[in-house]
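Contents: one structure, followed by commentary.
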Amino acid sequence: MRRILLWMASNAWLRDRVPRLWFARRAVRRFMPGEDIEAALAAATTFEKDGIGTLYTHLGENLTALTEADEVAAHYLDVLDRIKAAGLRGEISLKLTQLGFDLDVERTFEHASALAERAAELDGTLWIDMEGSAYTERTVAFYERLKAVHPNIGLCLQSYLRRTAADIQRLLPLDPAIRLVKGAYAEPEAIAWQSKHDVDTSYVALAVAMLDAKKGGRAVRVGLGTHDLRLIEQIANHAAAIGLDRRDAFEIQMLYGIRVDEQRRLAREGYAVRDLISYGEHWYPWYVRRLAERPANVIFVLRQIVSR
Ligand SMILES: Cc1cc2nc3c(=O)[nH]c(=O)nc-3n(C[C@H](O)[C@H](O)[C@H](O)COP(=O)(O)OP(=O)(O)OC[C@H]3O[C@@H](n4cnc5c(N)ncnc54)[C@H](O)[C@@H]3O)c2cc1C
């Protein structure tokens, strides 16, 4: 089921047609407060009351024209201004391909630099998502280049990739901000662990390596981008065992609509928690990847049809 859904996520024919179906539009609301930034900011106000910060992603990837990248950059600059005006603890998280990475790396660099500068005015971090493995090396290298100029840049790394332990060691000297996730794409066995057990084991080992580096004096900001409470608990136990305060050791980052009660509970218990809110009309590939993470969600979509 996961493989089929990941194939569907990358299928252009479906991408053009599924978003027009009423039941798909209704089902996506579970993971997205709305298609525009106003809906995302309104949702953030509720999270702020519960002591939960926010991250924003305007959905879209693999653009075909540079003018689209210019529009995306202008949009995110405006979002940062709105976050500031609303007094929210908000940060943005984007895919480099949204900024034209496939078309013009220098233009992507200019856009990312402008966004990093604007984010710095809010004391915030500009987060870079990690895409499929065709982009991994290029994205890590881009991160190194951008981080040399702007200190407030974060990067997502995936525990299913065998290379990630080396990437963390490569980046630690830069005092990085790293969001660790399991990984959302279909990757071959030659480069990625396939079983949940191996991906989870890798996840804990990588998080522990970052926390140990932090304990050793590295200024690494650790984001745990997972809904896996069992792993979070294991990592929290390790942080406590080496004497790191739970609030400073790491930040838990979860997606809008997933385990929201747990997000609130963790915030109440004194952990730093951030909710990533996605919005935008180009939600199809992102949404189908969410279904692939938990195929039981497909039943939720089917229920929308039955309950009409
Ligand atoms: C803040 C954030 C940013 C991310 N950024 C990236 C990125 O840049 N690149 C990338 O490749 N991936 C990214 N991901 C996705 C990530 O790689 C995983 O695919 C996703 O988080 C599901 O894995 P999990 O760690 O929650 O663990 P899993 O083992 O998949 O899930 C653990 C438990 O969480 C719950 N759960 C998980 N997913 C869902 C869901 N969709 N619906 C309902 N319940 C669910 C279930 O109860 C499940 O048993 C991001 C995830 C988060 C939270």
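Taken together, the values in this text are just the output of simple stated rules run on the coordinates, not laboratory data. None of the values given here were measured: they were computed from a predicted structure. Every residue, glycine as well, gets a Cβ built from its backbone with ideal geometry; the counts of neighbours run over all protein chains shown.
Observations on the structure shown:
- Rounded to the nearest 20, the size of the Cβ-charge dipole of the chain about its Cα centre is 1220 debye, with Lys and Arg at +1 and Asp and Glu at -1.
- Tensor-based shape of the range 94-233 (alpha-carbon gyration tensor, a/c under 1.5 rounded, otherwise prolate or oblate): oblate
- Among 258, 235, 128: highest mean-square fluctuation, GNM of the chain, C-alpha pairs under 10 Å: 258
- Charge dipole (Cα centre; +1 on Lys/Arg Cβ, -1 on Asp/Glu Cβ; no other charges) of the range 194-262 amounts to roughly 220 debye.
- Under-5 Å amide H pairs with residue 179, H placed in peptide plane, nonlocal only: 155, 156, 157, 223
- A simple spin-label model places pseudo-atoms 7 Å from Cα toward Cβ; at residue 241 and residue 121 they are separated by 4.6 nm.
- Most mobile listed residue (283, 22, 127) in the chain, GNM with C-alpha springs under 10 Å: 22
- Reach of residue 95 by Cα under 15 Å, taken over aspartates and glutamates that are not fewer than 8 positions away in the same chain: 61, 68, 70, 71, 104, 110, 129, 131, 137
- Paramagnetic reach from residue 166 (point 7 Å along Cα→Cβ, amide N under 16 Å) across the range 116-142: 133-141
- Linear extension gain, residue 3 paired with residue 48, 0.36 nm per residue minus alpha-carbon span: 12.5 nm
- Taken along the Cα-to-beta-carbon direction at a fixed 7 Å, the label points for residue 22 and residue 191 span 4.3 nm.
- For the chain, the mean residue ellipticity at 222 nm estimated from helices alone is -16000 deg cm²/dmol, where every DSSP H run of n ≥ 4 contributes -39500 (n - 2.57) and the total is divided by all residues, rounded to the nearest 500.
- Taking the square roots of five times each eigenvalue of the Cα gyration tensor of the range 72-171, the equivalent ellipsoid has semi-axes of 24, 15, 12 Å, listed largest first.
- Prolate/oblate/rounded label for the chain (Cα gyration tensor, a/c 1.5): rounded
- Sorted by Cβ density within 10 Å, fewest first, the residues 133, 278, 195, 10: 195, 10, 133, 278
- Within a Gaussian network of the chain (alpha carbon springs, distance under 10 Å), most fluctuating of 12, 116, 236: 12
- Footprinting exposure proxy for 185, 279 (fewest neighbouring C-beta atoms within 10 Å first): 185, 279
- Mean shadow area of the range 169-304, taken as a quarter of the surface of its Cα convex hull (nm²): 9.9 nm²
- Full extension of the segment from residue 10 to residue 67, taken as 0.36 nm per residue of separation minus the current Cα-Cα distance, would add 18.2 nm.
- Cβ-based exposure ranking for 187, 233, in which fewest neighbours within 10 Å come first: 233, 187
- Shape class for the range 51-94: oblate, because the ratio a/c of the largest to smallest gyration tensor axis (alpha-carbon atoms, square roots of eigenvalues) is 1.5 or more and b/c is at least a/b.
- Over 20 Å (Cα to Cα) - which of 147/214; 49/84; 84/147 fall in this group: 84/147
- Straightening the chain between residue 144 and residue 29 buys 37.8 nm, computed as 0.36 nm per residue apart minus the Cα-Cα spacing.
- Cα-centre dipole for the range 1-47 with unit charges at Cβ (Lys and Arg positive, Asp and Glu negative), debye to 20: 380 debye
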